[in-house]
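To keep things clear, I will list the structure first and then write my remarks on it.
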Amino acid sequence: MGEVYRAVRADGNFSKEVALKLVRGGLNAGFIVERFRVERQILASLDHPNIARLLDGGTTETACRTS
């Protein structure tokens, strides 16, 4: 359904090593995008030293196209 990459956030304000998750669309793109939104919300609500923190979430220009 997707890949996770090791990346560096360098937006001019700070640099930090991060995990970048890209989810692929496909025949059921609407379902997959909604499932990813739910996953982001769950991760954003977790607060534990052994669980990755959510720094940011978003979509690409083509993420919500289902046709």
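Filtering the stretch 24-67 to residues that are at pLDDT below 80 and touching a Gly at 6+ places or on another chain (Cβ under 6 Å) leaves 24, 66. Selection within the stretch 1-50: residues that are assigned to a loop (DSSP other than H, G, I, E, B) and among the charged types (D, E, K, R). The member of this set that is most open to solvent (accessible area, probe 1.4 Å) is 47. Listed by first and then second residue, the pairs with beta-carbon distance under 8 Å, at least 6 apart or on different chains, first residue in the stretch 46-67 and over 18 Å from residue 14 (Cβ atoms), second at pLDDT below 75, are 62/25; 63/25; 65/25; 66/25.
The values are calculated or read from the model by the stated rules, or taken from the named source; none is laboratory data. Note that the coordinates shown come from a computational prediction; the quantities given were computed from them, not determined experimentally. Note that we place each Cβ from the backbone using ideal geometry, even for glycine, and neighbour counts take in every protein chain shown. The area values use the complete protein model at the heavy-atom level, side chains included, leaving out ligands, DNA and RNA. Shrake-Rupley method; radii C 1.70, N 1.55, O 1.52, S 1.80 Å.
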